[in-house]
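These notes concern the structure reproduced below.
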């Protein structure tokens, strides 16, 4: 079955540590996105990529980095510069240029310990 | 500034008690409005896309409608399994790079009691 796989489901980060969240899709979608979700708030866009080897900052990119070396993969690194990283992270993909909306992964919950 | 507002924040219903969720928006370059359902600890699940004022979509006990400034998600005779957070998102043009992005509301948490 086609879909988006995020891993791990739960992740714990120590102060000053970088961590990487994985996102893989087999939907052959061109565009991929990373969102952050905090309690009582809407999803906020961190980074997005419309094609391989190209990506753009979203509304809250500070303290995060991404890469898009393959169409199927869009990993997100939460760096030590992100001072409040505890949140639920969602990866999504879409067919760029068409009005189909996004397909989401099941999310990664990151907690600072 | 593009904005999406959902109300109420939380809604408690008895099983069978119909109600509506609201999503109001102020965006330029609107391309579509989306409704998603999100269960705790999971990613949003797509429900509907609406493109133009007057359009309606239905799925089981859910019916989504769209006007020029807002959308409603009507829930008829809800069941406990309809309990979830319902998210509204508007696809709008980003004038900076000419791409379309989703702008999400903060959601309505629905609890249906048996």
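A short reminder: the numbers here are calculations on the coordinates, not readings from a lab. In this text the structure is predicted, and so the values were computed from the model without any measurement. With ideal geometry, Cβ positions are generated from the backbone for all residues, glycine too; neighbour counts draw on all protein chains shown.
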Problem set entry | Alpha carbon Rg of region A:10-113, scaled by the compact-globule rule 2.2 N^0.38 Å | 1.02
Exercise. Among A:34, B:35, which comes first, second and so on when ranked by fewest other beta-carbon atoms within 10 Å?
Worked result: B:35, A:34
Exercise. What is the Cα centroid distance between region A:51-113 and region B:1-49, reported in whole angstrom?
Worked result: 22
Problem set entry | Principal axis dimensions, largest first and in whole angstrom, of region A:48-105 by Cα | 36, 22, 18
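Give the Kirkwood hydrodynamic radius (Å, one decimal) of the protein assembly as shown, defined as one over the mean of 1/r across all pairs of different Cα atoms.
Values: mean 1/r = 0.0552 Å⁻¹.
Computed over Cα pairs of the protein assembly as shown, the Kirkwood hydrodynamic radius comes out at 18.1 Å.
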Problem set entry | Ratio Rg/Rh [Cα only; Rh per Kirkwood] for region B:57-114 | 1.09
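Apply the a/c threshold of 1.5 to the C-alpha gyration tensor of region B:31-85 and tell me whether it is rounded, prolate or oblate. Intermediate results must be reported in sequence, preceding the final value.
Values: a/c = 2.60, a/b = 1.50, b/c = 1.74.
Because a/c hits 1.5 or more and a/b fails to exceed b/c, region B:31-85 counts as oblate.
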Exercise. Going out from 0 in 5 Å bins, what whole percent of all Cα-Cα distances in chain B drops into each bin?
Worked result: 2, 12, 23, 24, 18, 11, 5, 2, 1, 0
For this session: Based on other C-beta atoms within 10 Å, arrange A:29, B:74 from fewest to most.
Result: B:74, A:29
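Compute the Rg to Rh ratio over region A:12-52 from the alpha carbon atoms, using the Kirkwood formula for Rh, and round to two decimal places. Don't skip to the answer; put the middle values down first.
Numbers: Rg = 13.3 Å, Rh = 12.7 Å.
That ratio equals 1.04.
Ranked by Cβ crowding within 10 angstrom, fewest neighbours first, how are B:39, A:30 ordered?
B:39, A:30
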